[in-house]
Every structure is written in structure tokens, then in C-alpha cells.
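Here, each number is a calculation from the coordinates, and none is a lab measurement. All figures in this text were calculated on a predicted structure; none of them were measured in a lab. Every residue, glycine as well, gets a Cβ built from its backbone with ideal geometry; the counts of neighbours run over all protein chains shown.
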Amino acid sequence: MAGKERVIITQGQYVASAVKKEQYPEKELPEIVCIGRSNVGKSSLINSLTRVKGLARVSSQPGKTQTINFYELGVRIADVKDRKSFYLVDLPGYGYAKTGKENRRMWAKFIEEYLTTSPRLQFVCQLIDIRHEPMASDVGMFRWLVERGIPVLVIATKADKIGKNAQNRQISIMRKVFGIAELSILPYSSLKNEGRSDLLDVIGDTLIQC
Ligand code: GTP
Ligand code: MG
């Protein structure tokens, strides 16, 4: 199977953690970002894409990721001669604050600075748990990104937790809540690597144009 995939991740490694600009990595690579509520599976998706277990720290406790974490991934694309590299960026979850309001405000500020000033940001993967209706914070984040012209790919995570029919039902509900009938939503399971090759295709198509 793996040999037939069009887009192959050849390597993945942790590069840097940042809470301010000076800590962003130096290389000028295209960036693809994972965003979503705490515990939705952002870090797990990074591990599933790279196939490196434990590369991004995962926890059943929400609020695990507290910094902007940059991972450098190498990519080989069928019929493309040169290998490509990009940063896959893991963000702290929104909708959760361990230490109260003030911390939440601080958090939003450094994430916001990153999202609004990063010159090589290609698109944001916005993760939503397939079992739940998107919450006001999800819809708010989606609109905030779209208003700023940042392309968003909605990913419905933990798809292994429900059957195919329920997945389709949940995806229609998501489209209704977002108010976009034709919104493309990718079901994903980090546990089973479901949706992985579709996401890699999107990444490959993006990198070809960089
Ligand atoms: P924060 O860093 O706290 O914002 O969370 P996160 O979005 O990075 O979530 P994380 O990847 O740490 O996963 C949260 C929990 O969900 C962990 O217990 C994971 O094992 C579980 N999980 C993540 N993805 C999947 C999936 O595809 N299937 C199943 N069954 N569980 C998953
Ligand atoms: Mg995380």
C-alpha cells in the first residue's frame, strides 16, 4: 500500500517551540498548521502523519500543548524530482484555560500574532471531534481565519469512534453549523490512519505550488 501513495513523508523531526517571534525557526519553509479545541487530536494527527510515535506529546488531559511547536517534515511527491520540506505546526488548543482568564488572553495573543504575521502559512487544518457539533468557539475560529484570507481545511477527528453512517450524519451537521453546504470536511482517524493519504494529497498539491 505505502509504496503506491503519491505523497510520502520521508522524515519528521521536532525543530522549535515558540511563544514569541524570536523563537520561530529560522528556515524559510512553507507552513501548515493544526488548530482546534483542546483534546481534539492535533498532536495525534501530527504523529500519524509523520508515523513517528511520540513526536508530538499527546495526553488525555486537555491543555497538553502550551506552545507553538514546529516540526520539519520531508516529503517526496510522485513525478516531482526534488524533495520538499515544510513545517507542520502544532498549536495549543483553544476553549480551555488551566489557570483562568488572564492566561487565556495571553495565549490568544501569541497564537494570533503567529497566525496573522506568518508569511509562509499555506493553510490551517481546523480539527473538530466528529462526535460533537462544532461549538461557538469553533465557528468563531473558522470565521476569523476565513475573514483574514487564511485557507482552512476542516478535519473531523477520531473518526474511528463512530461508524460510516454516523460519520456522514455528523459531517452534514457540521456543514449546517458552519453554514456552508458544500464545505469539504475530511474524516480522519489518527488511530487507524484513516484520511491520511487524502490529507497528504492536499499537502503535496500545496507544496508543488510553493
Ligand atoms: P491539546 O494539546 O491539549 O490541545 O490536545 P490535542 O488536540 O493535541 O489532542 P491529543 O492529540 O493530545 O489527543 C487527545 C486525546 O485524544 C488523546 O487521549 C488521544 O489518544 C486521543 N485521540 C486523538 N486522536 C484520536 C483518534 O483519531 N482516535 C481515537 N480513538 N483517539 C484519538
Ligand atoms: Mg496537543
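Numbers for the structure displayed
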{"item": "Positive-end residue, the chain charge dipole about Cα centroid, Cβ charges, pick of I77, W144, L121", "result": "W144"}
{"item": "Assigned charges on the beta-carbon of Lys, Arg, Asp, Glu; the chain dipole about Cα centre (debye)", "result": "600"}
{"item": "Rounded, prolate or oblate (a/c below 1.5 giving rounded, otherwise prolate when a/b exceeds b/c) for region 1-58 by Cα gyration tensor", "result": "oblate"}
{"item": "Virtual spin-label span in nm between V146 and K81, 7 Å along Cα→Cβ", "result": "4.1"}
{"item": "Fewest-first sequence of S172, S85 by Cβ atoms within 10 Å of each Cβ", "result": "S172, S85"}
{"item": "For region 65-210, Kirkwood radius (reciprocal of mean inverse C-alpha pair distance, Å)", "result": "16.8"}
{"item": "Prolate/oblate/rounded label for region 21-103 (Cα gyration tensor, a/c 1.5)", "result": "prolate"}
{"item": "Charge dipole magnitude, Cβ of K and R +1, D and E -1 - region 103-167, Cα centre, debye nearest 20", "result": "100"}
